[in-house]
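Reviewing the structure listed below.
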Amino acid sequence: MSEPTELAGVLDHLRALVASDTTSGGSNLAVVERARDAIGDRAQEVVIQRHPDGDRANLLARFGPDGPDGVVVSSHTDCVPVTGQDWATDPFELVESDDRLVGRGTTDMKGHIACVLDSVDELVVADLAVPIWVALSYDEELGALGAVPIAEELVQRDHPPARVVVGEPTSMGIVNAHKSVRAYTYTFRGLGGHSSQPDGGANALRAVIRLGGFIDDLADEQRHTTDDRFEPPFTTFNLAIASAGTAINIIPDRADLTFEYRALPSEDGPALADRIEAHAREVVLAELQRTHPGSTLEVTSPGILPALSDEPGGAAEALVRNVLGTGSPARTAPFGTDAARFQAVGMSAVVCGPGNIDIAHRPDEWIARDQLVQGRAFMTDLVAALSHG
């Protein structure tokens, strides 16, 4: 790695980024505009992808030649809410406290964005041998939604990038795998009635309870398939939200259950979801319909994020190892990232960025100054590694 880099420019960017409330689902345009201003007309290409709502956007900027084997440096612009959190300072004002820089998004992941934007001058003047793409996405916290159109745009290029480095907070270590996240809502509709006549109704809440029991048993079954690289080392389930009923003496005619599961890469895919839905329809709904033939089941998905699988000899991991000069083993992450979206369309992807994920999403979120130094130096070394000479 290079010697520590002057942080004045990084902190200027970070201060402005933190001041912009980019809570997921809301506008991120202030951050996109900040990036657009930093880049100006100096990139070879800039693409703005507007969300259909018009209040948020992705940004893609290419530096260097329009050729093969390019590298994407990816960040997400959104943050989790601060509602209900007890902050000691204004979460949207960057506060320096000893070696800590406090503010919403400092770690996850505006610190990385600040390092990338501060490197634009280097990207512009470098004699790059391959293109470097800067990618900023929206709504990562809602299921890596913004990364989908970015990945689709890039893979359709004549020369799609080959490698992606996602700068999520890993304390500048290498993360090459994470679990998938799959969420579903099951809505049963039965038949209401007086609680004194249970056979005269079709109790939708009972259906949800029976389905929850099946999912709980499935969760116990999955504990027997393990991968010790992960913590916990098995596919996990969470019965998250249930709602039903209006009064103690009325049979519930509707009940909803929302759950998620986080599958090991080896277990990722629709198989578990298919088992749950088959049981829900063939056993639980069938029983409900024996009482009331008009009973129904609706299944919706609030979001699905595929797993990130490790790539033996992966090009992205090899690049990051070269830049960092490390032989340290890669590790896995307990959280999902945009990297899975890029890998899903055929790009080699890895996660490496400044900050500690244990500090993310919490009140008084902060990033260590030394992490910004390392993140900024990584960008300098990356540019050098991908340049002629």
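The values are calculated or read from the model by the stated rules, or taken from the named source; none is laboratory data. Because the structure is a prediction, the values reported are computed rather than measured. No Cβ is skipped: glycine too gets one built from the backbone with ideal geometry, and neighbour counts run over all protein chains shown. Protein only, heavy atoms only, side chains kept; ligands, DNA and RNA dropped before computing areas. Shrake-Rupley method; radii C 1.70, N 1.55, O 1.52, S 1.80 Å.
Odds and ends about this structure:
- In the stretch 93-112, residue nearest to His13 (Cα to Cα) [restricted to those that are part of a loop (DSSP other than H, G, I, E, B) and open to solvent by 50 Å² or more (accessible area, probe 1.4 Å)]: Glu93
- Residue match in the stretch 300-310 (condition: surrounded by fewer than 20 Cβ atoms within 10 Å (Cβ to Cβ) and either farther than 20 Å from Val181 by Cα or of a type in the set (Asp, Glu) (or both)): yes
- Filter pass, Leu128 being over 24 Å from Glu6 (Cα atoms) and either in contact (Cβ under 8 Å) with a residue 40 or more places away in the chain or touching a Cys at 6+ places or on another chain (Cβ under 6 Å) (or both): no
- Among the candidates Ala151, Ala144, Ala135, residue that is open to solvent by less than 10 Å² (accessible area, probe 1.4 Å), in contact (Cβ under 8 Å) with a residue 24 or more places away in the chain, within 19 Å of Val350 (Cβ to Cβ) and part of a loop (DSSP other than H, G, I, E, B): Ala144
- Residue ID - nearest to Ser74 (Cα to Cα), chosen from residues in the stretch 304-361 that are touching an Asp or Glu at 6+ places or on another chain (Cβ under 7 Å) and of a type in the set (D, E, K, R): Asp338
- Residues satisfying the stated conditions in the stretch 155-171, i.e. buried (at least 20 other Cβ atoms within 10 Å of the Cβ) and out of contact with any Phe, Trp or Tyr (no Cβ under 7 Å at 6 or more places or on another chain): Arg163, Val165, Val166, Gly167, Glu168, Pro169, Thr170
- Screening Thr326, Thr337 for residues that are within 19 Å of Ser137 (Cβ to Cβ), touching a residue at least 40 places away in the same chain (Cβ under 8 Å), out of contact with any helix residue (DSSP H, G or I) (no Cβ under 7 Å at 6 or more places or on another chain) and hydroxyl-bearing (Ser, Thr, Tyr) leaves exactly one candidate, Thr337.
- Members of the stretch 57-93 that are over 26 Å from Val165 (Cα atoms) and in contact (Cβ under 8 Å) with a residue 40 or more places away in the chain: Val82, Gln85, Asp86, Trp87, Ala88, Thr89, Pro91, Phe92, Glu93
- In summary, Leu123 fulfils each of the numbered conditions (1) out of contact with any Cys (no Cβ under 8 Å at 6 or more places or on another chain); (2) assigned to a strand (DSSP E or B); (3) open to solvent by less than 10 Å² (accessible area, probe 1.4 Å) with the single exception of condition (2).
- Those residues of the stretch 207-242 which are of a type in the set (Lys, Arg) and in contact (Cβ under 8 Å) with a residue 24 or more places away in the chain, in sequence order: Arg210, Arg229
- Residue match in the stretch 34-41 (condition: in a loop (DSSP other than H, G, I, E, B) and open to solvent by 40 Å² or more (accessible area, probe 1.4 Å)): yes
- Applying the condition of being among the charged types (D, E, K, R) and under 29 Å from Val102 (Cα atoms) to the stretch 311-361 and asking which residue is least open to solvent (accessible area, probe 1.4 Å) yields Asp338.
- In the stretch 113-125, of all residues being touching a residue at least 12 places away in the same chain (Cβ under 8 Å) and of a type in the set (A, V, I, L, M, F, W, C), the one that is nearest to Leu11 (Cα to Cα) corresponds to Ala114.
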